[in-house]
Amino acid sequence: MPKLKVDGIEVEVPQGATVLQACEAAGKEIPRFCYHERLSIAGNCRMCLVEVKPGPPKPQASCALPAAEGQEIRTDSQMVKAAREGVMEFLLINHPLDCPICDQGGECDLQDQSIAYGKGHSRYTENKRAVTEKYMGPIIKTIMTRCIQCTRCVRFGEEVAGVDEIGAIYRGEDMQITTYLEKAFKSELSGNTVDLCPVGALTHKPVAFEYRPWELRRNLSIDVMDAVGTNIRADSRGRQVMRVLPRINEDVNEEWAHDKTRYHVDGLVRRRLDRPFVRRDGKLVEASWDEAFDAIAAVNAGSSVAAIAGDLLDAETMYAAKALLEGLGSELIESRQTGMAYDVSSLGAVAFNPTIAGVEEADAILLIGSNLRWEAPLINTRVRKAIKKGAKVFAIGPEVDLTYKLEWLGNDLSLLGKLPDQVVQAFDGAKKPLVIVGPGALKDGFGAALALVEPMKLVRTLEDGSPWNGFGVVHTAAARMGALMLGFAQKGGIADIVAASPKLSFFLGADEVDFSQFESSFKVFIGHHGDKGAHHADVILPGATWAEKPGTYVNLEGRVQRAERAVFAPGDAREDWSILRALSDKLGRTLPFDSFEELRAAMASDVPALGQEGLVSFAWQAPALPATASGAVTYPIADFYLTNAICRASPTMQRCSAELLHGEDFAEAAE
């Protein structure tokens, strides 16, 4: 490990580190525009200049210079100061002075660094260059005259998203960043390019001119658009969430978020249920809370009661629902609303055991029934990183573009019983083999997926003594693992509930249920959007979205995470647990908690793993399952952008679906 001095401070850095990283290790701030920790080094903005001895007597770009033994680096010399001022002067030559109307204003790297490292004036008097705007789809708004050609967006598209659609054309002063033939940037991760852009060239189109960053209140939360558990920040103004941004969590989402996470927020204020409704003479009519509760109590269902949880639910709501049904003498609870039925006797056998970060270490990967790009985009980026390290990837299922090269074995689960030789050899020689089972293979039960555990030795102890479990199950519902930890499941899935013919059924934000199977049941929908569940309900009790209540969520690897409330629910809508608590009084089965804190404490007492944030370690026990399976795989997600009620209410998600997936054209107004 080389030792060097930075402004007289001696530091030791790993072999292969750059001078810029050495400076940061010494606590020195180095300005930069093109350099990013998660992207390849471009070295084209020249803002990170430092003075290095021994070496030529000139400033050098620290991002592209390897740190070496005995170097003496100056970050504060007069030469460095003058060089950075000169670079900033060049960057501002053509940059328009439109900060008052720029959506990046207030959180712009160019603004900040021009104040800190630039001059107070410019010697440039010629006309500025102007660049025509580029069309990049419904997510990204472009003002390319502001672009400083840092190429962060280009490198992100190629290296992280795996979509080579953004690039540079022309040369010198005429250089422009654009998409291929100025078409939409078709990636589920496209919004990250806006975060990466250090100037106002790329901004968020759905919220253009809607807010200034200093107007927003920041709230820490967890994404519920998939089961990855992306750490997010919900920025709100008044009673509305204006935007969602990712928070850095190296173990889960690094610093990325997919577009559904970011841009579904305009659906939080549309098609909302904000007051109770009761069906009378075949029509839903507005009612008071007491009238709605009386209609439910009048059913006299006794113990013939069922509860079905939706995909976006927090663990506290499910615990309250389970407690209410136990008080009524019923055990008819289920969270797999679309009909999946798989063995949940071993939680380790339905979790993503290698962990999300562990995917990068795998050297042989087999995907079974998983369109990973849509089901868990941020796990898909980890697979890309594993491939860069030399991992071989195979897949069983319908062929789709996963943004990387892999070998498709076919679309029949019978292949699990007779895997080709190249797969067997790859797994035999792998130190960390990995099998990823997706919902396409789960929907009819595991089949032979678990039969792979023993012959492929997916669960093993490594040479250094550390354990490795290479069996990972991908869920698509944020509520799924928390529900399974609470026991919110039937052995035969929702079919067991249908067979029991409950007189009273609670649908907790469950909009994807086949409601034709519950025609004889009195249906109570507790949810937040007027979607499928509300249309079939006999009573509607307006609940809160993820942004309007605190909650505990467990991601697919078993990581317990907590979300804060960002805003309050509209109208008469209430937090789901408080609705169940009030209803329990009317039903004569009062629940033993009066506050959210008491509810969470009771849940932690019954299920201690849910009482503390962090990764839960599940005991591994592979269930006994048939050794053979057959049949074609079908992926359950037909439209990435419209997977739940909030997304279906979002104009942005509707347009993304229409344009990016279904090829509709949208005319852009001239500006």
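The values are calculated or read from the model by the stated rules, or taken from the named source; none is laboratory data. This structure is a prediction, so every number in the text was calculated from the model and none was measured. Reconstructed Cβ throughout: ideal geometry from the backbone, glycine too, with neighbour counts over all protein chains shown. Keep in mind that these areas ignore ligands, DNA and RNA; they rest on the heavy atoms of the full protein, side chains included. Shrake-Rupley method; radii C 1.70, N 1.55, O 1.52, S 1.80 Å.
Each 5 Å bin, from zero up to the one with the longest distance, holds this percent of the alpha carbon pairs of the stretch 182-221: 5, 16, 20, 29, 19, 7, 3, 1. Dipole size of the chain about its Cα centre, with +1 on Lys/Arg Cβ and -1 on Asp/Glu Cβ: approximately 860 debye, rounded to the nearest 20.
Considering only the Cα atoms of the stretch 364-496, their convex hull presents on average a projected area of 9.1 nm². Once the Kirkwood radius over Cα pairs is known for the stretch 281-430, the Stokes-Einstein relation at 25 °C and 0.890 mPa s delivers a diffusion coefficient of 125 µm²/s. Distance between the C-alpha centres of the stretch 266-334 and the stretch 514-554: 7 Å, rounded to the whole angstrom. Let me know the shape class of the stretch 270-321, please: from the alpha-carbon gyration tensor, a ≥ b ≥ c as square roots of the eigenvalues, rounded when a/c is under 1.5, otherwise prolate if a/b is greater than b/c, or oblate. Cα axes put the stretch 270-321 in the oblate bin.
Potential lengthening of the chain between E69 and K128 amounts to 16.8 nm, from the contour at 0.36 nm per residue minus the alpha-carbon distance.
Seen from D251, the other residues with C-beta closer than 10 Å to its C-beta sum to a net charge of -2, counting Lys and Arg as +1 and Asp and Glu as -1. In sequence order, the stretch 366-381 has phi-based couplings of 10, 9, 10, x, 9, 8, 4, 5, 9, 6, 7, x, 7, 7, 4, 5 Hz under the Karplus curve 6.51 cos²θ - 1.76 cosθ + 1.60, θ = phi - 60°, and Gly or Pro positions carry x.
Computed from backbone phi, the HN-Hα couplings of the stretch 246-256 come to x, 9, 6, 8, 4, 7, 10, 10, 6, 9, 9 Hz, rounded to whole numbers (Karplus: 6.51 cos²θ - 1.76 cosθ + 1.60, θ = phi - 60°; Gly and Pro given as x). Work from the charge dipole of the chain (Cβ charges, +1 for Lys and Arg, -1 for Asp and Glu, about the Cα centre) and give the residue of A566, S605, C34 farthest towards its positive end. Most positive-ward Cα: C34.
Taking the stretch 465-502 and a reference point 7 angstrom along Cα→Cβ of S345, the backbone N atoms nearer than 14 Å belong to 491-492. Projecting the Cα atoms of C108, G137, I73 onto the charge dipole of the stretch 72-138, computed from C-beta unit charges around the Cα centre, puts I73 farthest toward the positive end.
Rounded to 0.05, the FRET efficiency of the E29 and C99 pair, given R0 = 22 Å and the Cβ-Cβ distance, is 0.45. Normalised by the number of residues in the chain, the average gap of Cα pairs under 8 Å and 6 or more apart makes the relative contact order 14 percent.
From the Kirkwood radius over Cα pairs of the stretch 362-419, Stokes-Einstein at 37 °C and 0.692 mPa s returns a whole-number translational diffusion coefficient of 282 µm²/s.
Here the Debye sum runs over all C-alpha atoms of the stretch 537-671 as equal scatterers in vacuum, and log10 of I(q)/I(0) at q = 0.20 Å⁻¹ comes out as -1.23. Near K128: Cβ cut-off under 13 Å, other residues only, Lys/Arg at +1 and Asp/Glu at -1. The net charge is -1. Per residue, the solvent-accessible area of the stretch 118-176 (1.4 Å probe, heavy atoms of protein chains only, all protein chains present) comes to 51 Å². Rg ratio for the chain: its Cα radius of gyration over 2.2 N^0.38 Å, N being its residue count, equals 1.05. A viscosity of 0.890 mPa s and a temperature of 25 °C, combined with the Kirkwood radius over C-alpha pairs in the Stokes-Einstein formula, give the stretch 216-354 a diffusion coefficient of 131 µm²/s. What percentage of the solvent-accessible surface of the stretch 148-271, computed with a 1.4 Å probe over protein heavy atoms, is contributed by carbon and sulfur atoms? Ligands and nucleic acids excluded, carbon and sulfur give 47 percent. Put a dot 7 Å past the Cα of M175, heading toward its Cβ, do the same for E12, and the two dots end up 4.0 nm apart. Amide hydrogen proximity for F394: with H placed 1.01 Å from N in the peptide plane, the residues at 5 or more positions away or on another chain lying under 5 Å are I365, L366, L367, E407. Over 24 Å apart at the Cα level, from the set K503/K549; K128/K186; K388/K418; K134/K205, are K503/K549; K128/K186; K388/K418. For the pair D421 and F90, label points projected 7 Å from Cα toward Cβ lie 5.8 nm apart. Quick one: check the C-alpha center-to-center distance for the stretch 127-144 versus the stretch 358-416, whole angstrom. Value for the Cα centre distance between the two parts: 35 Å.
In straight Cα distance, which lysines are under 19 Å from K28, not counting same-chain residues fewer than 8 positions off? Output for K28: K3, K5, K53, K81. Backbone phi angles across the stretch 482-490, fed through the Karplus curve with coefficients 6.51, -1.76 and 1.60 (θ = phi - 60°), yield HN-Hα couplings of x, 5, 5, 5, 7, x, 7, 7, 9 Hz in residue order; Gly and Pro are listed as x.
Label E597 and E407 with points 7 Å out from Cα along Cα→Cβ: what is the distance between them in nm? Each label point is offset 7 Å from its Cα along the Cβ direction, giving 5.9 nm.
Using Cβ point charges alone (K and R +1, D and E -1), the dipole size of the stretch 82-211 about the Cα centre works out to roughly 260 debye. Projecting the Cα atoms of S370, S330, Y342 onto the dipole axis of the stretch 324-372, where Lys and Arg carry +1 and Asp and Glu carry -1 at the beta carbon, places S330 farthest toward the positive end.
Given +1 on the Cβ of Lys and Arg, -1 on the Cβ of Asp and Glu, and no further charges, what dipole in debye does the stretch 1-156 carry about its Cα centre, rounded to the nearest 20?
500 debye
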